[in-house]
1. Count, please, the residues in the stretch A:257-285 that happen to be without any contact (Cβ under 8 Å) to a residue 40 or more places away in the chain and closer than 13 Å to A:Ser219 by Cα.
2. Here are the criteria: (1) in contact with a Leu (Cβ under 7 Å, 6 or more places away or on another chain); (2) free of Cβ contacts under 8 Å to residues at least 12 places away in the same chain. Tell me which single one A:Ser427 does not satisfy.
3. How many residues are of a type in the set (D, E, K, R) and at pLDDT below 85 when one looks only at the stretch A:369-396?
4. For A:Thr172, state whether it is within 12 Å of chain B (Cβ to nearest Cβ) and more than 19 Å from the chain's Cα centre (by Cα).
5. What single numbered condition from (1) in contact with a helix residue (DSSP H, G or I) (Cβ under 7 Å, 6 or more places away or on another chain); (2) open to solvent by less than 20 Å² (accessible area, probe 1.4 Å) fails to hold for A:Val258?
6. Among the residues of the stretch A:444-457, which ones are under 27 Å from A:Thr278 (Cα atoms) and open to solvent by 20 Å² or more (accessible area, probe 1.4 Å)?
7. Applying the selection to the stretch A:188-213, what residues are modelled with pLDDT of 75 or more and more than 10 Å from every other protein chain (Cβ to nearest Cβ)?
2 protein chains.
Amino acid sequence: MDIEGRTGLERLASRSHPVCGPDCSSSAGYAAINSICDYYQSIQDRPVKSDVKPGYLLETLPDAAPTDGEPFEKIAADFQSLIMPGITHWQHPKFMAYFPAISTYESMLGELYSSSVSNPGFNWICSPACTELEQVMMDWMAKMLGLSDEYLTISGVGGGIILGSASESALTAAMAARERALHRLTRSLSPADAAQTSGSSTPIPIREQYTQKMVIYGSTQTHSLGAKAALLLGMQFRAVPVSRSDDYSLRGHALREVMERDVKEGLIPFFVIATVGTTSSGAVDNIAEIGKVLKAYPTAFLHVDAAWAGVAYALPDHRKALRLDDVNQFADSFCTNAHKWGLTGFDCSLFWIKDRGNLTEAFDVTPAFLRSKESDAGSVIDYRNWQIALGRRFRSIKLWFVLRSFGVTGFQQHLAEGIEHCQQLASIVNASANFEIVTPPSLALLVVRLRDPLAPNSPDEVLNRLNQALYARLDARHDVMLTQTVLKSVESEVHCLRIAMGGVNTTMKDVQEVWEVIESEGRQVLEEYRSQRELNV
Amino acid sequence: MDIEGRTGLERLASRSHPVCGPDCSSSAGYAAINSICDYYQSIQDRPVKSDVKPGYLLETLPDAAPTDGEPFEKIAADFQSLIMPGITHWQHPKFMAYFPAISTYESMLGELYSSSVSNPGFNWICSPACTELEQVMMDWMAKMLGLSDEYLTISGVGGGIILGSASESALTAAMAARERALHRLTRSLSPADAAQTSGSSTPIPIREQYTQKMVIYGSTQTHSLGAKAALLLGMQFRAVPVSRSDDYSLRGHALREVMERDVKEGLIPFFVIATVGTTSSGAVDNIAEIGKVLKAYPTAFLHVDAAWAGVAYALPDHRKALRLDDVNQFADSFCTNAHKWGLTGFDCSLFWIKDRGNLTEAFDVTPAFLRSKESDAGSVIDYRNWQIALGRRFRSIKLWFVLRSFGVTGFQQHLAEGIEHCQQLASIVNASANFEIVTPPSLALLVVRLRDPLAPNSPDEVLNRLNQALYARLDARHDVMLTQTVLKSVESEVHCLRIAMGGVNTTMKDVQEVWEVIESEGRQVLEEYRSQRELNV
């Protein structure tokens, strides 16, 4: 690229158009590729975490943009010396916090190509390929995951769209659900009242009457995206309690109990988020029970959030445990992120719905008289009418590159490897004296806690203190990165440690080394605890 | 990168970790850089528009992902042969439709580096550099644009955030405005009612009482993002009429008239979108008048949408015409897109607010008792609490690369060049017989229409038909890309042609050649029109 040695300012001044003139050297571009390659070749030699203090960059960078342009060599060097120290290395073999956020070369090159044809993507004409590739990719993924044919874009009724995040997907579903519920409530209205409308076809009097009575449901394990969707819609969120004996899975009867209580008070259940693979423990809500409960609530819409686990539907052997048939039968919409465990870089949230009309009703500002069944069902989709924002990125490219380079087999092998690591680690933990597995291993996620083998019946309160101390020690280290969680149920509150495997750069050796660190810190915690007890005796 | 010759599947199978093994050849990465360079070196030889038919890619691509991985060479070749034909070339020197959506090498490399450290960015610890670089970039931009110090993140009170689009920014502002208005209405409430809350601190009875009465205001020229924000919030949108004699600028008295009527009916004005640089004609709403009207409406919040024009605040000579002082005095929030005219690729929407508490009140799901003044005002910002979604991209990198490579001077020169082209074209149009300028040239946007020099007093209806015919002819061409618009006012409805200059690859020669095409088609339209009239006589 024609940047090396010439600043953007100099290029403009020399008026060489297009930007990459006859002496295009590409060296800034090659240098970028090389430095990224170097990064990945040596990432394991770095600490996982950054050790910068808050404000490190605020103090370092100048407080204003430079007057004149600087050579790109200098800028690239600053990326290494100023930015990289402040990076948490999610791609590190020993990053096992939160969930994986994998990036692959295929994905990175997809982003590069995408940026070269940058456009706002708000309708088909912005670049036909952007819209159409997305349609095809969402159908490829639906098939690979075994989703119902109802979700295929080619069906002309349902369809998929790539959004930015699972939280955006959930809010998108909630807005669609709100309009669908209001429509169902409107059907009982008089024509006079039906004449007054807001931007959509739902009359204002209906909105006034019902909106504030509408409630969103999840469990206490549901990701904060549920509470946030309610916050943004100005509605209430009910976190239905779960049982430890159900492995933190949301049960139908518990949901029904809460909903019935709400209905008695004149409230309206309209949106339920069921999770496949909760953040804390990888729990799977009882989709069939939930779906059957919702049959009694025509205003309710079921969204299944499988942000992390959903890509594992690519492994047919895991579909039963992850309740795929129930999702296909009962869910109105479904979301999983290719950008967690799915080999594709952030952002790539895959959102499917069985009736695209739910989306256009909520998101299309075209006046009703200008809409047509054809545009809603036809091969030309204007994705701006299926989502919150108008403009959108060309995200499908990186997914296409990933799926073609790995193939279904490669995608499955990647997932299977993480699951295998988790199973091996589970065996190791089961054989260990100082640790126990808290919830059944879920795919590549293992949830453990420190125990006291000298006092095997220690109450949760005691163990919780030990595990908080353990996490504090682990959190102070930079050679591993893990996250803790508190599993809350009707029975108890359990502090544990999550080990989220599945990173594409992680080997079993890395898993073992992380485990050795955990065991070592665990021994320290137990020693201190025992010393303290001796002192106190 | 280690992709060339080895599929993702093969790499996994060979278990070479990390992904780029010792034989890393980088050739797929270099090839990508080369092909992008080739693209930009020859872009002017392509037609601007794609000529593919709807469904072209749906028919071409296989209907499922491949079972096994494919070599990247093949995938990259398919990008050229399958995707590129379906691309509309927004970077083409003769692309003058909508507004520019510029991409530069600096921006592309920024995206590449960003993708290499991909992470969900929901809080500071995800990667301190991601949060802190964004804080600094938003302050750099605020200073470069001459925005009030109140918008600086370093102020600890106000602040900026990079969002995905101007429509997302407007919705973000609207949600913040809703909560602020509800707060102001709540202060009059009794403690008993104040006890019932939804996710935020606004009691449900207040929401029930007021939400459906709240109204959003813009003008008939406001971008559809205004109507969409209302649609998504389930509220009404008022499009206040504008006058041709005011050059389509929203006036305070017109806004007041509509608001007073609404207030009489018990409605509550809570959010006003004023535009600096409307899409149709680059009009600038009368911010000072609007701001003064809103002093009588304590529940109202003023958001200024300067999606395209706002970057031109970097040119001090243009600040007066673009009403910067008034924006600084009266606007609660402000948005401009670096990804239109600002040398940075999509997505990069810059959103500032004078009180970040407005954002955290609307977007932070942390229970109130866990919040602290320190985290709200401190140097550690968790951007998920300032926006709709939880996860977010590392967008500030490409902006940093652009600002450092061009410098303020280069940024200004780029803008000045587009403005100069527009001024030159305006002179040419003024001297032409068959065309007239419809609205005052605005920065790099010129709005013209075909006229009939033989009938200089033709009514709008006649000229509109001529201009619709002109646009149909231009739209059928692939060597230029332009957009039409219909300027609606209390006086008239005028069909015109927009020529949106300012692309970084566009020279005056390109502008002249596009103009020649427009004139040529204009002559054709006039000839046909006259032939038809002779036949009809």
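The values are calculated or read from the model by the stated rules, or taken from the named source; none is laboratory data. A quick note: this is a predicted structure, and the numbers were derived from the prediction, not measured. Please note: Cβ atoms are built from the backbone with ideal geometry, for glycine as well, and neighbour counts cover all protein chains shown. SASA here: full protein model, heavy atoms, side chains in, ligands and nucleic acids out. Shrake-Rupley method; radii C 1.70, N 1.55, O 1.52, S 1.80 Å.
1. So the first thing to find is which residues in the stretch A:257-285 are without any contact (Cβ under 8 Å) to a residue 40 or more places away in the chain, and the list is A:257, A:260-261, A:263-265.
Then keep just the ones that are closer than 13 Å to A:Ser219 by Cα; that gives A:257.
Summing the residues that are without any contact (Cβ under 8 Å) to a residue 40 or more places away in the chain and closer than 13 Å to A:Ser219 by Cα in the stretch A:257-285 gives 1.
2. (1)
3. 4
4. Details: within 12 Å of chain B (Cβ to nearest Cβ): yes; more than 19 Å from the chain's Cα centre (by Cα): no.
Spelling it out, it is not the case that A:Thr172 is within 12 Å of chain B (Cβ to nearest Cβ) and more than 19 Å from the chain's Cα centre (by Cα).
5. Tallying (1) in contact with a helix residue (DSSP H, G or I) (Cβ under 7 Å, 6 or more places away or on another chain); (2) open to solvent by less than 20 Å² (accessible area, probe 1.4 Å), A:Val258 fails exactly one: (1).
6. The one that is under 27 Å from A:Thr278 (Cα atoms) and open to solvent by 20 Å² or more (accessible area, probe 1.4 Å): A:Arg451.
7. A:Pro203
Matching residues to (1) more than 23 Å from A:Thr344 (Cβ to Cβ); (2) open to solvent by less than 10 Å² (accessible area, probe 1.4 Å); (3) in contact with a helix residue (DSSP H, G or I) (Cβ under 7 Å, 6 or more places away or on another chain); (4) not in a loop (DSSP other than H, G, I, E, B):
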{"site": "B:Asp139", "(1), (2), (3), (4)": "yes, no, yes, yes"}
{"site": "B:Gly146", "(1), (2), (3), (4)": "yes, no, yes, no"}
{"site": "B:Ile161", "(1), (2), (3), (4)": "yes, yes, yes, yes"}
{"site": "B:Arg180", "(1), (2), (3), (4)": "yes, no, yes, yes"}
